[in-house]
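Chemist: Here it is, the structure in full.
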Amino acid sequence: TAEEFADRVFDDGMAAVVAVASAGDAHVMAVDIMGTTSRLVVSDEMDKSVFLASELPMPAKGMCYQVWRVTGDGQMVSAGVFTPDDDGHIAAVLDGGVGDVDKFMFTIEPPGGSDHPTGEMLGEVGA
């Protein structure tokens, strides 16, 4: 249930997710990943972003999802790796700021992620 999910978020120390998602300047962008609609929330004032998903399929055994911050000059820097819980939920503050980001890209990568995208590009959204 939504209540159980909220309990897990706060139990896991994810109050920062709520802070970014509820920031006065937060803007929410939908991104289609693996046939599900996930959300990327960006707060320029906080210089942070959050990835939220539900019903996200578990990646293939031994793989993980990875988010990339893509700058205007095309540089790609990892913003974090994750796997959903058993219900497909993710609620995570991404690594790095948002000031120089043109878009975010999502890939499937080996455990622990990669230094640069090597796996299938699953989706992208402008910052």
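Chemist: Would you call residue 45 touching a Cys at 6+ places or on another chain (Cβ under 8 Å) and charged (D, E, K, R)?
Modeler: For residue 45, the condition - touching a Cys at 6+ places or on another chain (Cβ under 8 Å) and charged (D, E, K, R) - is not met.
Chemist: Starting from the stretch 61-89, take each residue that is farther than 19 Å from residue 42 by Cα and list its partners that are of a type in the set (Lys, Arg) and open to solvent by 40 Å² or more (accessible area, probe 1.4 Å), counting only C-beta distances under 8 angstrom and pairs at least six apart or across chains.
Modeler: 85/8
Chemist: Among the residues that make up the stretch 1-21, is at least one of them within 15 Å of the chain's Cα centre (by Cα), in a loop (DSSP other than H, G, I, E, B), surrounded by 18 or more Cβ atoms within 10 Å (Cβ to Cβ) and at pLDDT below 95?
Modeler: no
Chemist: I've got another one for you. Return only the number of the condition from (1) under 15 Å from the mean Cα position of the chain (by Cα); (2) at pLDDT below 90 that residue 65 does not satisfy.
Modeler: Condition not satisfied by residue 65: (2).
Chemist: Condition first: hydroxyl-bearing (Ser, Thr, Tyr), open to solvent by 40 Å² or more (accessible area, probe 1.4 Å) and touching a residue at least 24 places away in the same chain (Cβ under 8 Å). Can you find one or more residues in the stretch 106-118 that meet it?
Modeler: The answer is no, given that none of the residues of the stretch 106-118 is hydroxyl-bearing (Ser, Thr, Tyr), open to solvent by 40 Å² or more (accessible area, probe 1.4 Å) and touching a residue at least 24 places away in the same chain (Cβ under 8 Å).
Chemist: Please count how many residues of the stretch 44-62 are surrounded by 17 or more Cβ atoms within 10 Å (Cβ to Cβ) and closer than 20 Å to residue 116 by Cβ.
Modeler: Number satisfying all stated conditions: 3.
Chemist: Could you count how many residues in the stretch 74-119 are within 15 Å of the chain's Cα centre (by Cα), charged (D, E, K, R) and assigned to a loop (DSSP other than H, G, I, E, B)?
Modeler: 2
The values are calculated or read from the model by the stated rules, or taken from the named source; none is laboratory data. Given the structure is predicted, the values throughout are model-derived calculations rather than measurements. Using ideal geometry, Cβ is built from the backbone for each residue, glycine included, and neighbour counts are taken over all protein chains shown. In case anyone asks, the SASA skips ligands and DNA or RNA and just uses the protein heavy atoms, side chains included. Shrake-Rupley method; radii C 1.70, N 1.55, O 1.52, S 1.80 Å.
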